[in-house]
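Inspection log for the structure reproduced underneath, given as structure tokens.
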Amino acid sequence: MKILIIHGPNLNLLGKREREIYGDKTLKEIISLLERQAKEMGVEITNFQSNSEGALIDFIQVESPKANGIIINPGALTHYGLSLREALADTNLPLIEVHLSNIYAREEFRQRSVIAPIAKGQISGLGWRGYLAALRALVAELKGET
């Protein structure tokens with residue numbers, strides 16, 4: 001089983017950027033935690049981060065045929081990334097959207113996700129733990145566990 005974990009714009013700055021909102025862990029630390037959990041679960045993961053919507057779409061188009069599911073934190077593209085949404089929808093893979101902060105408790109423009117309608121689910125506001133919860137939930141879904 002292979003899961004793509006996609007990190008959108010500015011997530012490369014985790015641990016430095018607005019730590020009171022996004023926490024102290026760096027993206028590298030979060031990826032390390034994901035890799036450890038994936039290994040324990042016997043799942044292969046591929047992580048990819050870009051600040052460019054086009055690069056994210058290219059990655060999805062190349063890698064999704066070899067994957068079983070996707071976890072994505074689209075960053076600011078959550079709110080207006082229609083090309084990203086289309087690329088994700090075209091995969092026909094189960095998808096979980098993750099946000100470190102609770103986007104519904106923030107500014108009004110952050111409270112709308114163009115990705116959510118095509119996602120199996122969304123995890124928002126659990127910090128870095130949301131990624132781990134998404135991995136557990138997606139693997140269980142793929143295994144048919146209820």
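The values are calculated or read from the model by the stated rules, or taken from the named source; none is laboratory data. Note that the structure is predicted; figures quoted are calculated from it, not measured. Ideal geometry is used to build each Cβ from the backbone, glycine not excepted, and the neighbour counts take in all protein chains shown. In case anyone asks, the SASA skips ligands and DNA or RNA and just uses the protein heavy atoms, side chains included. Shrake-Rupley method; radii C 1.70, N 1.55, O 1.52, S 1.80 Å.
Conditions (1) among the hydroxyl-bearing types (Ser, Thr, Tyr); (2) closer than 18 Å to Tyr80 by Cα, marked per residue:
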residue	(1), (2)
His7	no, yes
Ile30	no, no
Ile45	no, no
Ser50	yes, yes
Gly54	no, yes
Ile57	no, yes
Ile60	no, yes
Glu63	no, no
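A single entry from Ser83, Ser113 fulfils the requirement of being modelled with pLDDT of 95 or more and farther than 18 Å from Glu20 by Cα: Ser83. Apart from one condition, Leu77 fits all of (1) among the hydrophobic types (A, V, I, L, M, F, W, C); (2) open to solvent by 30 Å² or more (accessible area, probe 1.4 Å); (3) more than 18 Å from Leu135 (Cβ to Cβ); the exception is (2). Among the residues making up the range 5-61, those that are under 19 Å from Leu135 (Cβ atoms) and among the charged types (D, E, K, R) are Lys25, Lys28, Glu29, Glu35, Arg36, Lys39, Glu40, Glu44.
Scanning for something closer than 22 Å to Ala140 by Cα and open to solvent by 10 Å² or more (accessible area, probe 1.4 Å), does the range 49-56 turn up at least one residue? The answer is no; no qualifying residue exists.
Quick one: which of Glu35, Glu44, Glu63 is in contact with a helix residue (DSSP H, G or I) (Cβ under 9 Å, 6 or more places away or on another chain) and among the acidic types (Asp, Glu)? That would be Glu44, the only listed residue that is in contact with a helix residue (DSSP H, G or I) (Cβ under 9 Å, 6 or more places away or on another chain) and among the acidic types (Asp, Glu). Please verify whether Leu132 is open to solvent by less than 40 Å² (accessible area, probe 1.4 Å) and at pLDDT 95 or above, treating the condition exactly as stated. Taking the combined requirement at face value, the residue satisfies it.
Of the residues contained in the range 57-72, one or more are found to be touching a His at 6+ places or on another chain (Cβ under 9 Å), closer than 19 Å to Pro9 by Cβ and surrounded by 14 or more Cβ atoms within 10 Å (Cβ to Cβ).
Among residues belonging to the range 22-48 that are in contact with a Leu (Cβ under 9 Å, 6 or more places away or on another chain) and among the polar types (S, T, N, Q), point out the one that is surrounded by the fewest Cβ atoms within 10 Å (Cβ to Cβ). My answer is Thr46.
Within the option set Leu84, Leu100, Leu88, Leu93, being farther than 16 Å from His7 by Cβ and touching a residue at least 12 places away in the same chain (Cβ under 8 Å) holds for one residue only, Leu93.
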